[in-house]
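First comes the structure, then the notes that go with it.
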Number of protein chains: 2
Amino acid sequence: MATRKINSTYTRNESTIIECDLTYAVYMIGGRWKLLILSKLEGKTLRFGELKKAFPYITERMLTLQLKALEQDGLVKRTVYAEVPPRVEYELTEVARELEPILKMLSTWGNKQRSMTTMK
Amino acid sequence: MATRKINSTYTRNESTIIECDLTYAVYMIGGRWKLLILSKLEGKTLRFGELKKAFPYITERMLTLQLKALEQDGLVKRTVYAEVPPRVEYELTEVARELEPILKMLSTWGNKQRSMTTMK
DNA sequence: TATGGTACGAACAAATATGTAAGTAATGGC
DNA sequence: GCCATTACTTACATATTTGTTCGTACCATA
């Protein structure tokens, strides 16, 4: 998101990653909070403050950043109401809803995987 | 992987993420190269050098780190042959193979998602 | 004795991701 | 005027991830 040296290997390699549909997809839902936010928004419309309360440890800055990224990627719809104090609501988009069943499978896999790793 | 201040918020929040099966799963396949490596190993057994050739831009250090992490998480099996020069082979584990169909769906979703975002 | 190939390891540097702390705009109610 | 509320924003600090460069062990072979 920030300015970045375009010619760095870091950037060139990022291009490589984004060219692949799979890594692109994971890049989009990666990061520390995005999946939790998406999960929280399943079937609901929530205000900024409600999301914040849902994750006691997230900072406002992080929540703002993640929501902005999710909106840019078309996973979350942001609606601003011209009121004071302001009211902003967030909800999943169609594309994000299509992701839900896949995430459910991933979650199941993660659970199984975790238990296997822990067993050792 | 490196040493880290245990009491930092960074660490506490990481715990939050790892407690959720879904975010845990994505954490495990996250990072820049892991998914590409896993994809490359589908149905094959490859040597370190072969993997390296598969990704011209990855550095040996990164490849080593990612393979080590994948092995620790039980997604990749590493076999060392007592030869000179050394020969080390990598292959997917059972758990990793169970992940394949899910990743295929994610990839399809990523492709669709990308085309929608690009259209704007 | 020197060399070459393989799969790393270590010290350092650059870039990004995340967290901390403080501040802002707008307005209705006191 | 003063304050409270909400959804941010900004400057700064910290932590992690990724990349760069150089080095190493092993032994068969020249």
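The values are calculated or read from the model by the stated rules, or taken from the named source; none is laboratory data. Treat the numbers as computed from the prediction; the structure is a model and nothing was measured. Neighbour counts run over all protein chains shown; Cβ positions are idealised from the backbone, glycine included.
Residues in the stretch A:40-57 that are more than 7 Å from chain B (Cβ to nearest Cβ) and more than 10 Å from DNA strand D (Cβ to nearest atom): A:LYS40, A:LEU41, A:GLU42, A:GLY43, A:LYS44, A:THR45, A:ALA54, A:PHE55, A:PRO56. Taking residues in the stretch B:4-22 that are away from chain A (no Cβ under 11 Å) and modelled with pLDDT under 85, and partners anywhere that are assigned to a helix (DSSP H, G or I) and within 11 Å of DNA strand D (Cβ to nearest atom), the pairs with Cβ atoms closer than 7 Å and at least 6 places apart or on different chains are B:ARG4/B:THR11; B:LYS5/B:THR11. Of the residues making up the stretch B:62-77, just one is near DNA strand C (Cβ under 7 Å from one of its atoms) and farther than 19 Å from B:TYR24 by Cα, namely B:THR64. Of the residues making up the stretch B:33-61, those that are among the basic types (Lys, Arg) and within 12 Å of DNA strand C (Cβ to nearest atom) number 4.
Sort out which residues of the stretch B:77-116 are away from chain A (no Cβ under 14 Å), surrounded by fewer than 14 Cβ atoms within 10 Å (Cβ to Cβ) and within 18 Å of the chain's Cα centre (by Cα), and write them in order of number. Those that are away from chain A (no Cβ under 14 Å), surrounded by fewer than 14 Cβ atoms within 10 Å (Cβ to Cβ) and within 18 Å of the chain's Cα centre (by Cα): B:ARG78, B:THR79.
Got a number for residues in the stretch B:41-58 being in contact with a strand residue (DSSP E or B) (Cβ under 9 Å, 6 or more places away or on another chain) and buried (at least 16 other Cβ atoms within 10 Å of the Cβ)? Qualifying residue count for the region: 4.
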